[in-house]
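Sharing a structure below in structure tokens format, with a few things to ask.
The values are calculated or read from the model by the stated rules, or taken from the named source; none is laboratory data. What you are looking at is a predicted structure, and each value in this text was computed from that prediction instead of being measured. In this analysis, Cβ positions are derived from the backbone assuming ideal geometry, glycine residues included, and neighbour counts consider all displayed protein chains. Note: areas computed on protein heavy atoms with side chains; ligands, DNA, RNA excluded. Shrake-Rupley method; radii C 1.70, N 1.55, O 1.52, S 1.80 Å.
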Amino acid sequence: MRLLIAEDDKLHRAFLEKVARNTLSDMDVLTMAEDGAEALKEFDAGEYDSVVLDLQMPRVTGVEVAKSIWAKKPSTKVLFWSNYTEEAYIRGITKIVPSAAVYGYILKSAPAEQLQLALQGVFVAEQCVIDREVRGVQQRAGDRLLGLSELEYEALVDLCLGLTDKAMAARRNVSLRGAQSRLQHLYQKLGLDKSDIPIGDWGPTYNSRTRAISLALTQGILNADALRKEEEILRVWMERHHD
């Protein structure tokens, strides 16, 4: 086994190294990387079959590292080690996992024994090992009744980016009515289809657009990292459309 570990925090990196050496007896090579950019450089220089990735790292995130690694070598086994259980992060990983890939997701709050089991499960038994809390987020996101569909998620992204209905329609290559229909489905899924019922003398309680943004952030459906990436995607689209 050739293992690459990428973690930007010195103490966490030392902890991962110690647990990995005590757990994986058939490990031939262990390389430690201090951030995502270094991890990509090390992966290109060596023949690694197993990788542990912190999700949030400077320069290049763990998701971006995994995406690049799987694009080059889909059989690579990846264990994500993170503090985050927000849906935005889970969706980001779900989108890039190859169909037959072996991967895991364990929280940094888990005890060392659980980390050992995850390392053995993913890298030795070649089984997907997902933290129970993370699995719950995955199931909710994939539930057609409870979670947002991809079209509803796109509508929410466009709302958070401040796009008008017409701009949403142009960006997603649908009619204006189609874009507005997606927004209505989004509002229903978020429980906002009842928010325009007057309470008292002041009229509707919420503005559906701004309320949807609030729920997206407080429920972790979107976060600052996800929005920064979407801003860059939007910028490229606007430049191309302008030209």
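I need the full set of residues from region 155-191 which are in a loop (DSSP other than H, G, I, E, B) and over 24 Å from the mean Cα position of the chain (by Cα), in order please.
Scanning region 155-191 gives T164, N173, V174, S175.
Might you check whether a residue that is in a strand (DSSP E or B), farther than 19 Å from Y103 by Cα and out of contact with any Ser or Thr (no Cβ under 8 Å at 6 or more places or on another chain) occurs anywhere in region 17-30?
yes
Quick check on my filter: what residues within region 145-183 are modelled with pLDDT of 90 or more, open to solvent by 70 Å² or more (accessible area, probe 1.4 Å) and out of contact with any helix residue (DSSP H, G or I) (no Cβ under 8 Å at 6 or more places or on another chain)?
Across region 145-183, the qualifying residues are T164, N173, R177.
May I ask you to list the residues in region 69-95 that are assigned to a loop (DSSP other than H, G, I, E, B), under 21 Å from D9 (Cβ atoms) and open to solvent by less than 10 Å² (accessible area, probe 1.4 Å)?
None - no residue of region 69-95 is assigned to a loop (DSSP other than H, G, I, E, B), under 21 Å from D9 (Cβ atoms) and open to solvent by less than 10 Å² (accessible area, probe 1.4 Å), so the list stays empty.
Of the numbered conditions (1) open to solvent by 20 Å² or more (accessible area, probe 1.4 Å); (2) more than 22 Å from D44 (Cβ to Cβ); (3) in a helix (DSSP H, G or I); (4) hydrophobic (A, V, I, L, M, F, W, C), V63 fails exactly one; give the number of that condition.
Failed condition: (2).
Also, quick follow-up: Among the residues of region 96-114, count how many are of a type outside the set (S, T, Y), surrounded by 20 or more Cβ atoms within 10 Å (Cβ to Cβ) and outside any loop (DSSP other than H, G, I, E, B).
Residues in region 96-114 being of a type outside the set (S, T, Y), surrounded by 20 or more Cβ atoms within 10 Å (Cβ to Cβ) and outside any loop (DSSP other than H, G, I, E, B): 2 in total.
Can I ask one more? One residue is enough: does region 124-144 have a residue meeting the conditions modelled with pLDDT of 90 or more, open to solvent by 70 Å² or more (accessible area, probe 1.4 Å) and either under 22 Å from L234 (Cα atoms) or assigned to a helix (DSSP H, G or I) (or both)?
yes
Something else about it: A39 versus (1) aliphatic (A, V, I, L, M); (2) more than 21 Å from the chain's Cα centre (by Cα); (3) open to solvent by less than 10 Å² (accessible area, probe 1.4 Å): which is the lone unmet condition?
Only one criterion is unmet by A39, namely (2).
Let me ask something additional. Among the residues of region 4-16, write down those that are part of a strand (DSSP E or B) and farther than 19 Å from E113 by Cβ.
If the condition is that a residue be part of a strand (DSSP E or B) and farther than 19 Å from E113 by Cβ, then L4, A6 are the ones that fit.
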